[in-house]
Amino acid sequence: MQNVDIAMATYNGEKYIAEQLRSIQNQTYPYWTLYISDDASTDNTKKIIEEFANQDTRIKLINIERQGGVVNNFNKALLCTNAEFVLLSDQDDYWPEHRIKDLLDFIMQKPQDKVAMVFSDLTLVDENLKVISESFYKSRSIDPLKNSDYKTLIWQCSVYGCSVIMNRKLLDKCLPLPEGITMHDNWLALNAATEKGLFFYDHQTIFYRQHSNNVVGGSGKTLTTKIKSLPNTIDKIIKYRKKITKLIAETKKIRGNESLGSVGNSWLTDVFFALRNITPEILFGSRRGYAFFMLIAFVVTR
């Protein structure tokens, strides 16, 4: 059978880590190894992981020293993997029992001689695993298929690492993760998309737990709130363009100067692309509001 590796990054996750580890142990596909890098937790996370590792040799705590954030922490775990297919795991989610098998079956249908990353939908749940929304993408009015356009992916990545499986060819190109990138999942997805190797599995394969300490929100804003925050939205777009400069530079260094086309070369071109393709969806959920948005943006930014 095909062995798979799982990379997990932890930090002060004592509240949910045991439940997540049990959900991985309960997978119907048993041929996995879990590599955990802990970013010097100050709670009982390390102790809980060690208790599981002592009882299950597939669970390996490979680091307990400070790495300096989630990207470096995942980098440490990913560098320990060696299987052909690798999944990422957050410390506070919960995996349905068929998750590994379903994702593995899907990615193995893709060409094996090219880079490949598969991401899925997520089921939003509360702290007690009560369902908030069956589909993350529907609840946020996001079209996941637009992630296949790497230009869109740079500005508005909606590929979440906790939902993915990827092959070794992608990891060989992307590891070690470059210093200064915004997020590990954005970097991996962008590199997959530039080679047309990013695929969406249209099923929910993970219970994404909503609580005060995680990143992805589960509830949308009203249109009125979005319009009121328009100046802030525009400001964020401009500032984010600066943040992705290194991401673009690293991608071009590995893929060649033509890999991302003109993205990152022209401030005006990039911001116009974001205004035309990204911000209307943030505000309206579609590009139908583009003309109205551009009128408002013109007035606000004069």
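The values are calculated or read from the model by the stated rules, or taken from the named source; none is laboratory data. Please read these numbers as outputs of a predicted model, since none were measured by experiment. Because the Cβ atoms are built from the backbone with ideal geometry, glycine has one as well, and the counts that use them run over all protein chains shown.
Select the helices (runs of 4 or more DSSP H) contained entirely in the range 132-175, then report the ones holding at least 2 residues which are within 25 Å of TRP95 (Cα to Cα) and modelled with pLDDT of 95 or more. Here the list reads 136-139, 168-174. In this structure, is VAL118 touching a helix residue (DSSP H, G or I) at 6+ places or on another chain (Cβ under 6 Å), under 16 Å from GLN204 (Cβ atoms) and modelled with pLDDT of 95 or more? Spelling it out, VAL118 is indeed touching a helix residue (DSSP H, G or I) at 6+ places or on another chain (Cβ under 6 Å), under 16 Å from GLN204 (Cβ atoms) and modelled with pLDDT of 95 or more. Report yes if ALA77 is outside any loop (DSSP other than H, G, I, E, B) and of a type in the set (Gly, Ala, Ser), otherwise no. Yes; evaluated as a whole, the condition is true for this residue. Of all the numbered requirements in (1) touching a Lys or Arg at 6+ places or on another chain (Cβ under 9 Å); (2) farther than 18 Å from ILE165 by Cβ; (3) part of a helix (DSSP H, G or I), SER23 misses one, and that requirement is (2).
In the range 82-95, of all residues being crowded, with 23+ Cβ neighbours inside 10 Å and among the polar types (S, T, N, Q), the one that is farthest from ASP39 (Cα to Cα) corresponds to SER89.
Are there any pairs, at least 6 apart or on different chains, whose C-beta atoms fall under 7 Å, with the first in the range 86-108 and modelled with pLDDT of 95 or more and the second surrounded by fewer than 21 Cβ atoms within 10 Å (Cβ to Cβ) and among the aliphatic types (A, V, I, L, M), and if so, which? Pairs found: TYR94/LEU129.
Residues in the range 146-166 that are touching a strand residue (DSSP E or B) at 6+ places or on another chain (Cβ under 6 Å) and surrounded by fewer than 19 Cβ atoms within 10 Å (Cβ to Cβ): SER148 alone.
Does THR182 satisfy the condition of being among the β-branched types (Val, Ile, Thr), modelled with pLDDT under 95 and in a helix (DSSP H, G or I)? It is false that THR182 is among the β-branched types (Val, Ile, Thr), modelled with pLDDT under 95 and in a helix (DSSP H, G or I).
Okay, residues lined up against (1) modelled with pLDDT under 95; (2) in contact with a strand residue (DSSP E or B) (Cβ under 8 Å, 6 or more places away or on another chain); (3) over 25 Å from LEU177 (Cβ atoms):
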| position | (1), (2), (3) |
| --- | --- |
| ASN12 | no, no, no |
| GLN20 | no, yes, no |
| TYR29 | no, yes, yes |
| ASP39 | no, yes, no |
| ASP43 | no, no, yes |
